[in-house]
Every structure is written in structure tokens, then in C-alpha cells.
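The structure appears below as C-alpha cells.
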Amino acid sequence: MSDRDGSSSTLFVVLVVGVLAVTGYLAWRVYQTPRHPDEAGEVATKMTDVTVVAGGGDASACQQLRNFTSEDALDEALARCTVVAGRAAAANGGGWLGIRDLRVTDTDLDRSSGSVTVSGTLITPGPPLPTTFRWPVTFVDGHWYIDGGADVDVG
């Protein structure tokens with residue numbers, strides 16, 4: 001009888017360990033699920049629009065950065081945006097660059113960081129060009145923010 005009792009308790013222990021392992025894995029997956037992934041896409045889309053419009057010489061677009069830039073990085077981002085817009089306006093005049101049909105085409109997010117890819121059509125004085133911006137994003141204090149410059153693919 002002791003052989004049977006030993007195999008029953010071994011089977012029970014293996015079963016309990018298996019259930020705990022699966023439960024732990026599922027709990028970790030739920031914990032790592034991105035929070036508010038739609039907001040990350042919205043922030044990346046707005047940042048793409050601001051970047052292109054400011055690059056076309058319209059410094060007024062830079063004020064939109066207040067809506068989706070962290071307080072720590074806001075002053076530097078506004079200054080950099082205004083300088084870029086001013087240089088573009090001086091070199092080419094205002095409004096020579098635009099973008100349309102912006103849409104989120106890929107998100108790679110975990111709980112607190114990741115990237116969002118936004119695609120659209122770049123409007124230039126020449127032919128329109130397909131364009132993709134891949135933005136790094138970070139989740140801070142309940143909101144997604146851009147966390148650096150984009151990888152840009154034009155054409």
C-alpha cells in the first residue's frame with residue numbers, strides 16, 4: 001500500500017506545481033499588458049503631425065507639444081521645435097511641408113515602454129511620399145509620452 005500512497009502524493013505534488021506555474025505565468029502576462037495602448041497611438045500620431053508641420057516652418061504647431069510631452073522634457077522640446085520651425089521657415093518659407101492619412105500601423109508595447117509606428121503621406125512641393133515614423137514611448141504617471149526621436153522612413 002505504501003507504493004500506491006507514494007505515487008499518489010507525487011502525482012498530487014506535480015499537479016499542484018503545474019497549476020502554480022501556469023497561474024504564475026498567466027498573472028505575469030496580465031501584469032505586463034500595456035496600459036491604455038490607444039493613448040500611445042494617439043500621442044505618436046499627434047507628435048508625427050507636429051514634427052512635420054514644424055519642419056515645414058510653422059512654429060505655432062510646437063505649442064501642441066504641451067499636450068503630450070512630459071513636464072521634465074517640455075521646455076527643451078518646445079525650444080528645439082521652435083528653432084527647427086524657424087530655420088525651415090527662413091530657408092523655405094512656411095507651410096511647404098505637410099502630412100495626411102496618418103494612422104497607427106504597429107504598436108510594440110509592454111507595461112511601461114515600447115514603440116508606436118505611424119504611417120502617412122508626406123506632402124511636399126514635389127510628389128507626395130509614403131512616410132513612416134517609429135516613436136519610442138514611455139508610460140509615466142498614468143499617461144504615454146514620447147521618449148526620444150523617431151526613426152523616419154520616407155519614400
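The values are calculated or read from the model by the stated rules, or taken from the named source; none is laboratory data. For clarity, every value in this text was computed on a predicted model and none was experimentally measured. Quick reminder, even Gly has a Cβ in these numbers, built from the backbone with ideal geometry, and neighbours come from all protein chains shown.
From Val84, Val116, Val104, grab the single residue that is in contact with a Lys or Arg (Cβ under 9 Å, 6 or more places away or on another chain) and either of a type in the set (Asp, Glu) or touching a residue at least 24 places away in the same chain (Cβ under 8 Å) (or both).
Details: Val84 fails: in contact with a Lys or Arg (Cβ under 9 Å, 6 or more places away or on another chain); Val104 fails: in contact with a Lys or Arg (Cβ under 9 Å, 6 or more places away or on another chain).
Of the residues listed, the single one that is in contact with a Lys or Arg (Cβ under 9 Å, 6 or more places away or on another chain) and either of a type in the set (Asp, Glu) or touching a residue at least 24 places away in the same chain (Cβ under 8 Å) (or both) is Val116.
For segment 46-60, how many residues are surrounded by fewer than 20 Cβ atoms within 10 Å (Cβ to Cβ), touching a residue at least 24 places away in the same chain (Cβ under 8 Å) and assigned to a helix (DSSP H, G or I)? Show your work before the answer.
If we filter segment 46-60 for residues that are surrounded by fewer than 20 Cβ atoms within 10 Å (Cβ to Cβ), which is where we start, we get 46, 49, 58-60.
Pick out the ones that are also touching a residue at least 24 places away in the same chain (Cβ under 8 Å) and you get 49, 58-59.
Narrowing the set further to residues that are assigned to a helix (DSSP H, G or I) leaves 49, 59.
Here the count works out to 2.
Would you check which residues across segment 79-100 are loosely packed, with under 12 Cβ neighbours inside 10 Å and either β-branched (Val, Ile, Thr) or touching a strand residue (DSSP E or B) at 6+ places or on another chain (Cβ under 7 Å) (or both) and list them?
Within segment 79-100, Arg100 is the sole residue that qualifies.
Starting from residues that are part of a helix (DSSP H, G or I) and polar (S, T, N, Q), keep the ones in segment 64-80 and report whichever is farthest from Trp144 (Cα to Cα). Explain how you work it out, then say what you get.
Filtering segment 64-80 for residues part of a helix (DSSP H, G or I) gives 64-67, 71-80.
Now drop any that are not polar (S, T, N, Q), which leaves 64, 67.
Values: Gln64: 15, Asn67: 11 Å.
By that ranking, first place goes to Gln64.
Read through the list (1) touching a Ser or Thr at 6+ places or on another chain (Cβ under 9 Å); (2) at pLDDT 90 or above; (3) surrounded by fewer than 16 Cβ atoms within 10 Å (Cβ to Cβ); (4) not small (Gly, Ala, Ser), then give the number of the only condition that Arg111 fails.
Failing condition for Arg111: (2).
Residue check, Glu76 against (1) surrounded by fewer than 17 Cβ atoms within 10 Å (Cβ to Cβ); (2) out of contact with any helix residue (DSSP H, G or I) (no Cβ under 8 Å at 6 or more places or on another chain); (3) at pLDDT 95 or above, all met but one. Which one?
(3)
Filter segment 129-155 for residues that are of a type in the set (Ser, Thr, Tyr) and surrounded by fewer than 16 Cβ atoms within 10 Å (Cβ to Cβ) and give the result. Don't jump to the end; show me each part of the working.
First pass over segment 129-155, keeping only residues of a type in the set (Ser, Thr, Tyr): 131-132, 138, 145.
Residue satisfying the conditions is Thr138 alone.
Within segment 112-120, can one find any residue that is more than 19 Å from the chain's Cα centre (by Cα) and of a type outside the set (A, V, I, L, M)?
Among the residues of segment 112-120, not one is more than 19 Å from the chain's Cα centre (by Cα) and of a type outside the set (A, V, I, L, M), which makes the answer no.
What are the residues in segment 119-145 that are among the small types (Gly, Ala, Ser) and part of a strand (DSSP E or B), if any?
Within segment 119-145, the subset among the small types (Gly, Ala, Ser) is 119-120, 126, 142.
Ser119, Gly120 - these are the residues of segment 119-145 that are among the small types (Gly, Ala, Ser) and part of a strand (DSSP E or B).
Do we have any residue at all in segment 81-99 that's assigned by TED's automatic domain parsing to the domain that holds Val140 and assigned to a strand (DSSP E or B)?
So the first thing to find is which residues in segment 81-99 are assigned by TED's automatic domain parsing to the domain that holds Val140, and the list is 81-99.
Then drop every residue that is not assigned to a strand (DSSP E or B), which leaves 98-99.
Among the residues of segment 81-99, at least one is assigned by TED's automatic domain parsing to the domain that holds Val140 and assigned to a strand (DSSP E or B), which makes the answer yes.
For the structure I just gave you, tell me whether Ala40 is in the same structural domain as Thr121 (by TED's automatic domain parsing), touching a strand residue (DSSP E or B) at 6+ places or on another chain (Cβ under 9 Å), surrounded by 19 or more Cβ atoms within 10 Å (Cβ to Cβ) and in a helix (DSSP H, G or I).
Values: in the same structural domain as Thr121 (by TED's automatic domain parsing): yes; touching a strand residue (DSSP E or B) at 6+ places or on another chain (Cβ under 9 Å): yes; surrounded by 19 or more Cβ atoms within 10 Å (Cβ to Cβ): yes; in a helix (DSSP H, G or I): yes.
When the stated conditions are applied, Ala40 passes them.
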